[in-house]
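In what follows, a single structure is set out as structure tokens and then discussed.
What follows draws every value from the coordinates through simple rules; no lab data is involved. Predicted, not measured: the structure shown is a model, and the values here were computed from it. A quick note on method: Cβ atoms are made from the backbone with ideal geometry, for glycine too, and the neighbour counts reach across all protein chains shown.
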Amino acid sequence: SDAICNFVICNDSSLRSQPIIFNPDFFVEKLRHEKPEVFTELVVSNITRLIDLPGAELAQLMGEEDPKLPGANSTASGFFRSLMSLKRKEKGVVFGSPLTEEGIAQVSQLIEYLHKNLRAEGLFRVPGNSIRQQILKDALNSGTDIDLDSGEFHSNDVATLLKMFLGELPEPLLTHKHFHAHLKIADLTLFDEKGNKTSTPDKERQIEALQLLFLILPAPNRSLLKLLLDLLYQTAKKQDKNKMSAHNLALMFAPHILWPRNVSTNDLQENITKLNNGVTFMIKHSQKLFKAPAYIRECARLHYLGSRAHTSKDDLDLLTSGSKELQPLKSQKRSRLDTCHQEETQQRTEEALKELFRHVHNMPDSAKKKKLIRQFNKHSTALTPGSDVPTSPAPRRTRSRSFSGLIKRKVLGTPVILERKSRDATPEPERVSKENVHLLQKCGSPAHMSQAKLKSLEGRKEESCRRMRAHLLSKDSSSL
């Protein structure tokens with residue numbers, strides 16, 4: 001749930017007494033709508049970090065290729081496909097049509113009613129009356145208002161109609177292109193001390209992967225999925241009354257929200273248990289799955305506030321013209337936050353590398369261990385824990401190429417460095433005439449000429465060099 005923030009960053013006294021709803025995923029949603037390509041690339045790159053998706057499955061997830069589903073080439077699937085297409089010829093506004101916001105608004109009436117009637121025994125399992133269901137279905141398709149609290153309909157009628165609506169969608173609620181990703185998420189398990197895979201599910205990684213996967217669902221699918229999983233979660237909490245646990249509910253809804261359309265049970269025989277357990281996991285942890293991971297929030301925030309791009313008034317809701325006084329404080333605070341974020345990221349990286357190094361060191365002797373150790377040795381300066389990150393050399397000060405700077409280096413020996421407070425006030429360097437260059441060559445450099453030449457030329461050049469220095473230094477005093 002959204003937190004209520006009573007702190008107002010505004011000088012407007014009329015707004016200080018009003019509470020502000022703070023949405024932690026504000027910048028995530030902003031990035032999703034304004035720059036969907038950047039958002040998708042950010043999310044998918046983190047999904048591939050958690051689960052292994054080969055090239056074809058990754059292309060299917062991105063929508064670049066058509067999903068290759070089990071049993072897609074079988075004769076039975078072709079029969080089911082033709083049968084379903086005949087049924088959808090008489091589709092209405094809601095049932096049998098692609099998911100839309102209008103359809104969700106109609107179906108949300110069913111979900112709202114079921115939230116008030118979760119104690120009915122065998123809810124979603126016991127079928128309702130077919131005649132009442134048809135009346136209710138026609139009313140939803142026509143868009144008329146329905147008074148479900150009038151007592152005309154039973155909770156089992158409404159629950160069965162909700163399953164019917166999900167089953168008649170052209171594709172499952174979790175979409176066909178996400179099918180293989182959900183199979184991979186179900187395989188995420190913990191590792192033992194020796195690095196071997198166990199049969200214990202890695203719940204933290206599964207939750208994180210589902211959070212990312214739900215972020216790239218189409219907006220109508222994500223909205224309805226959130227409403228549905230919340231309903232099933234509340235239903236499972238009252239299983240002492242309705243006798244419907246999370247697993248029982250998963251058996252009822254997995255074919256409608258996750259199983260590919262037009263496939264038989266034989267096509268999914270190897271994966272049915274995995275898919276049902278996956279839906280059970282979603283129901284149990286539904287309250288965590290629709291929050292963006294912290295690092296996605298931070299990346300989205302830095303994309304807007306961390307850059308120098310001008311932020312619009314929509315980005316900073318409460319800033320007014322009087323908030324200009326806060327700009328220096330905001331810039332200082334932002335720089336401190338960015339510095340802390342970089343230090344925290346570097347510290348986490350070092351800790352992860354140390355843990356990885358210890359894990360490889362404790363592995364039993366094998367070819368895989370030797371290969372990993374060779375990789376550590378090959379990149380020891382970058383991967384070995386405790387190694388210092390090489391610092392880039394300090395940039396060299398660019399030497400002045402103006403005539404005055406040349407005279408200071410040649411004649412005075414040691415250059416005098418003075419900071420110029422304003423570049424606009426600095427006059428342009430004068431052009432070097434041939435006579436000045438000739439005199440400069442005559443004067444020579446004490447640092448580059450030999451001692452014998454200096455002694456031999458000292459008598460003839462001392463007076464001319466003295467006059468030359470006095471003339472040029474007085475002429476160039478403005479630039480110094």
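In summary, the convex hull built on the alpha carbon positions of segment 132-277 has an orientation-averaged projected area of 11.3 nm².
Near THR189, the amide H atoms lying under 5 Å from its own belong to ASP202; only residues 5 or more places off or on other chains count, and H is placed 1.01 Å from N.
Take the Cβ-Cβ distance between THR144 and LYS68 as r, set R0 to 51 Å, and report the resulting FRET efficiency rounded to the nearest 0.05. Step by step, r from the Cβ atoms, then E = 0.75. Here's how it looks for GLU65: its modeled amide H is under 5 Å from those of GLN60, which are all 5 or more places away or on a different chain. Couplings for segment 220-237, taken from phi via the Karplus curve 6.51 cos²θ - 1.76 cosθ + 1.60 with θ = phi - 60°, read x, 5, 5, 5, 5, 4, 5, 5, 5, 5, 5, 5, 5, 5, 5, 5, 5, 5 Hz in order; Gly and Pro are left as x. At an R0 of 41 angstrom, the distance between the Cβ atoms of ASP52 and GLN287 translates into a FRET efficiency of 0.90. If the segment from THR273 to ILE131 were pulled out straight at 0.36 nm per residue, it would be longer than the present Cα-Cα gap by 47.7 nm. Along its three principal directions, the equivalent ellipsoid of segment 196-318 from the Cα gyration tensor extends over semi-axes of 34, 18, 16 Å, largest first. I'd like the distance separating the alpha-carbon centroids of segment 251-287 and segment 125-164, in whole Å. So the two Cα centres are separated by 25 Å.
In segment 128-169, a dipole from Cβ-located charges (positive for Lys and Arg, negative for Asp and Glu) runs towards its positive end, and of MET164, ILE135, SER150 it is MET164 whose Cα lies farthest in that direction. What is the distance in Å between the Cα centres of segment 208-235 and segment 43-60? Each part reduced to its Cα centre gives a spacing of 20 Å.
Over 18 Å apart at the Cα level, from the set LYS184/LYS237; LYS68/LYS177; LYS68/LYS184; LYS194/LYS370, are LYS184/LYS237. Extending 7 Å from Cα along the Cβ direction at ARG119 and again at LEU251 yields two label points whose distance is 2.6 nm. A simple rule links phi to the HN-Hα coupling: the Karplus curve 6.51 cos²θ - 1.76 cosθ + 1.60 with θ = phi - 60°, which for segment 56-67 gives 5, 5, 5, 5, 5, 5, 7, x, 7, 10, 5, x Hz, with x for Gly and Pro. A DSSP coil position with no more than 11 other Cβ atoms inside 10 Å describes the following GluC sites (Glu not before Pro) in segment 206-313: GLU270.
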